[in-house]
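Working notes for the structure below.
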Amino acid sequence: MEHIIISGNKPLKGRVDISGAKNAAVAIIPATLCAGGVHTIENLPQIEDVRNYITVLESMGASCEFLDDHTMRVDARNVSSTVNMPENLKGMRASYYLIGSLLGRFKKAVVPMPGGCNFGSRPIDQHIKGFEALGAEVIQEHGSIFVTAERLVGTKIYLDVASVGATINIMMAAVYAEGETILENCAKEPHIVDCANFLNMCGANIKGAGTGVMRITGVTPTDMKDRDYTIIPDQIEAGTYMIAAAVTGGEVTVRRVIPKHMEALSAKLQEMGCDVFAGDDWIKVRGKEELKPTTVTTLYYPGFPTDLQPQMTALLTQGNGTSYVTETVFENRFQYIDQLARLGAKVKIEGRMAVIEGQARLTGADVTATDLRAGACLVVAALAAEGNTQISNVHYIDRGYENLEEKLTALGANIRRISDGEPPLVALEA
Ligand code: EPZ
């Protein structure tokens, strides 16, 4: 088991290059199976979720060759439609994309039920509703999902929930469906647009990605071509570093970002009194001694992203007044509050709303990450806390953050990773 030790209360200063988007990568990698052929994917983040997905693809017969640390060539010409997921990967949440991808290409798929995080149930009923609407039979038994279809025929599908996963999954299942599929009330996240762009570059016919209505006109596998594609930057990684700059009163420039993807957070940081400057592909955040309290409500894109909610809650403990965070996307995404309290935060949960007392004095302690973004929240709080914080369950953080220690060290943070059994920590602080 590995842990991260942070000696906090130091302003972060400097520039950090943002990696490719995790949630685009875990959609585009399975989308190569839908497209078939041989594709080169650039700007892949070196994170656990990507490494795991590659293991799964190779277990299905795809060959994945890294041309450099962030560029991979995938040969998806000969893959099976049955996923024999390695036992240790059965918890992978984004494995559900294999269903839509394989159903689209092969009209059948056998995929283990996807895992989840611990912030509420994460059903896939909307995914299944879309597959069935296209003409597939879906059976869930023995921990796997079996989908088959004689034909896939385009139709109109209305999503009850603007689900990111369901939007991408149904989009892939419809790539080769006969006629036109209209997907209404769909999600608009940047990674949905990125996955649609990749498929369109290969030869698919997907219109309206990034709006609430998508139209997919079926093509044939012979229409599809081998392509090179570059993944967009990770808006959540970028947001995490922007929040870290604000909470430490530092000045950080996140580079290789798309400022438009960050607008909800940039606006909130400005509301709190931070200076936020943006260029074509960079954003500079200058934290302030005095941070104003504010109110945050998570919404689907372009609203405030739920994946930045925990990190924002950590920041709001430093506001000079009470702040309120309402989580509307997931039923219970405040599980991390107990761990945040161990660092000194004072947060009360009222239904879907967190009431955050400001000016909390944060001091280092031993804490445990309970999921990916809960871990990011604890990193943000530890960077502001006086003294040393030890964060366990670092594997959660490794799922979504490439080179976390290196990037934070370059910004002036005192951070290091230790394994179980290493000698007790000599205080990081000089
Ligand atoms: C994606 O999860 C992301 N994961 C999540 O990021 C992100 O939090 C979420 O979208 C929202 O933006 C990946 O892209 C791999 P949803 P997903 O389907 O697709 C309900 C991270 O930290 N719902 O948009 O699972 C669901 O219960 C991760 O990077 C249904 O009811 O999210 C939830 O309340 C965490 N039925 C809401 O919709 C369904 O069939 C949003 O879920 C599907 C979803």
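The values are calculated or read from the model by the stated rules, or taken from the named source; none is laboratory data. Note that this is a predicted model, so its numbers are computed, not measured. With ideal geometry, Cβ positions are generated from the backbone for all residues, glycine too; neighbour counts draw on all protein chains shown. Only protein heavy atoms, including side chains, enter the accessible area calculation; ligands, DNA and RNA are left aside. Shrake-Rupley method; radii C 1.70, N 1.55, O 1.52, S 1.80 Å.
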Exactly one of 40, 32 is hydroxyl-bearing (Ser, Thr, Tyr), surrounded by fewer than 18 Cβ atoms within 10 Å (Cβ to Cβ) and either in a helix (DSSP H, G or I) or modelled with pLDDT of 95 or more (or both), and that residue is 40
Among 273, 249, the single one that is open to solvent by less than 60 Å² (accessible area, probe 1.4 Å), free of Cβ contacts under 8 Å to residues at least 40 places away in the same chain, touching a strand residue (DSSP E or B) at 6+ places or on another chain (Cβ under 9 Å) and in a loop (DSSP other than H, G, I, E, B) is 273
Selection over the stretch 305-335 where residues are crowded, with 24+ Cβ neighbours inside 10 Å and either over 20 Å from residue 378 (Cβ atoms) or among the β-branched types (Val, Ile, Thr) (or both) yields a count of 3
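Looking at 344, 375 in this structure, which one is more than 15 Å from the ligand (Cβ to nearest atom) and either touching a His at 6+ places or on another chain (Cβ under 7 Å) or of a type in the set (Gly, Ala, Ser) (or both)?
That would be 344, the only listed residue that is more than 15 Å from the ligand (Cβ to nearest atom) and either touching a His at 6+ places or on another chain (Cβ under 7 Å) or of a type in the set (Gly, Ala, Ser) (or both).
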> Does residue 26 qualify as being part of a strand (DSSP E or B) and either within 13 Å of the ligand (Cβ to nearest atom) or touching a strand residue (DSSP E or B) at 6+ places or on another chain (Cβ under 9 Å) (or both)?
Replying inline: no
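Could you tell me how many of the residues in the stretch 388-404 are of a type outside the set (Ser, Thr, Tyr) and either assigned to a loop (DSSP other than H, G, I, E, B) or open to solvent by 30 Å² or more (accessible area, probe 1.4 Å) (or both)?
Pass one, the stretch 388-404, residues of a type outside the set (Ser, Thr, Tyr): 388, 390-391, 393-395, 397-400, 402-404.
Cutting the leftovers down to either assigned to a loop (DSSP other than H, G, I, E, B) or open to solvent by 30 Å² or more (accessible area, probe 1.4 Å) (or both) gives us 388, 390, 393, 395, 398-400, 402-403.
Here the count works out to 9.
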Report yes if residue 182 is within 22 Å of the chain's Cα centre (by Cα) and not basic (Lys, Arg), otherwise no.
no
Requiring at least 2 residues that are at pLDDT 95 or above and over 16 Å from residue 211 (Cβ atoms), the strands (runs of 3 or more DSSP E) wholly within the stretch 122-189 are 137-141, 144-148
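Regarding residue 101, is this residue over 21 Å from residue 222 (Cα atoms) and touching a residue at least 12 places away in the same chain (Cβ under 8 Å)? I'd like the intermediate steps shown before the answer.
Details: over 21 Å from residue 222 (Cα atoms): no; touching a residue at least 12 places away in the same chain (Cβ under 8 Å): yes.
No: the conditions fail for residue 101.
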Note on residue 96: of the conditions (1) within 12 Å of the ligand (Cβ to nearest atom); (2) surrounded by fewer than 21 Cβ atoms within 10 Å (Cβ to Cβ); (3) at pLDDT below 95, unmet is (2)
Being among the small types (Gly, Ala, Ser) and away from the ligand (no atom under 16 Å from the Cβ) narrows 165, 120, 130, 143 down to just 143
When the stretch 341-351 is checked residue by residue, the ones that are open to solvent by less than 100 Å² (accessible area, probe 1.4 Å) and either in a loop (DSSP other than H, G, I, E, B) or more than 10 Å from residue 316 (Cβ to Cβ) (or both) are 341, 343, 344, 345, 349, 350, 351
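Could you please let me know if residue 243 is open to solvent by 20 Å² or more (accessible area, probe 1.4 Å), β-branched (Val, Ile, Thr), within 16 Å of the ligand (Cβ to nearest atom) and over 22 Å from residue 127 (Cβ atoms)?
Details: open to solvent by 20 Å² or more (accessible area, probe 1.4 Å): no; β-branched (Val, Ile, Thr): yes; within 16 Å of the ligand (Cβ to nearest atom): yes; over 22 Å from residue 127 (Cβ atoms): yes.
Against the criterion (open to solvent by 20 Å² or more (accessible area, probe 1.4 Å), β-branched (Val, Ile, Thr), within 16 Å of the ligand (Cβ to nearest atom) and over 22 Å from residue 127 (Cβ atoms)), residue 243 does not qualify.
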Out of (1) in a loop (DSSP other than H, G, I, E, B); (2) surrounded by 15 or more Cβ atoms within 10 Å (Cβ to Cβ), the one residue 421 does not meet is (2)
| field | residue 357 vs. criteria closer than 29 Å to residue 163 by Cβ and either over 24 Å from the mean Cα position of the chain (by Cα) or surrounded by fewer than 20 Cβ atoms within 10 Å (Cβ to Cβ) (or both) | value | no
Restricted to the stretch 194-229 and to residues being open to solvent by 50 Å² or more (accessible area, probe 1.4 Å) and part of a loop (DSSP other than H, G, I, E, B), the residue nearest to residue 160 (Cα to Cα) is 220
task: Kindly indicate whether any position in the stretch 158-179 is over 18 Å from residue 103 (Cα atoms) and aromatic (Phe, Trp, Tyr).
output: yes
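Which one is nearest to residue 179 (Cα to Cα) among residues in the stretch 99-114 that are open to solvent by less than 20 Å² (accessible area, probe 1.4 Å) and outside any helix (DSSP H, G or I)?
First, pick out the residues of the stretch 99-114 that are open to solvent by less than 20 Å² (accessible area, probe 1.4 Å): 99-104, 109, 111-112.
Within this subset, residues satisfying the condition of being outside any helix (DSSP H, G or I) are 109, 111-112.
Values: 109: 22, 111: 26, 112: 30 Å.
The residue in question is 109.
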Across (1) open to solvent by 20 Å² or more (accessible area, probe 1.4 Å); (2) away from the ligand (no atom under 16 Å from the Cβ), residue 181 clears everything bar (1)
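Of 108, 90, which residue is at pLDDT below 80 and more than 14 Å from the ligand (Cβ to nearest atom)?
Numbers: 108 fails: at pLDDT below 80.
Just a single option satisfies the conditions, and that option is 90.
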- With respect to residue 54, is the statement that it is surrounded by fewer than 24 Cβ atoms within 10 Å (Cβ to Cβ) and either of a type in the set (A, V, I, L, M) or closer than 27 Å to residue 217 by Cβ (or both) true? yes
With criteria (1) open to solvent by 30 Å² or more (accessible area, probe 1.4 Å); (2) farther than 26 Å from residue 302 by Cβ; (3) among the hydrophobic types (A, V, I, L, M, F, W, C); (4) under 21 Å from the mean Cα position of the chain (by Cα), residue 67 comes up short on (4)
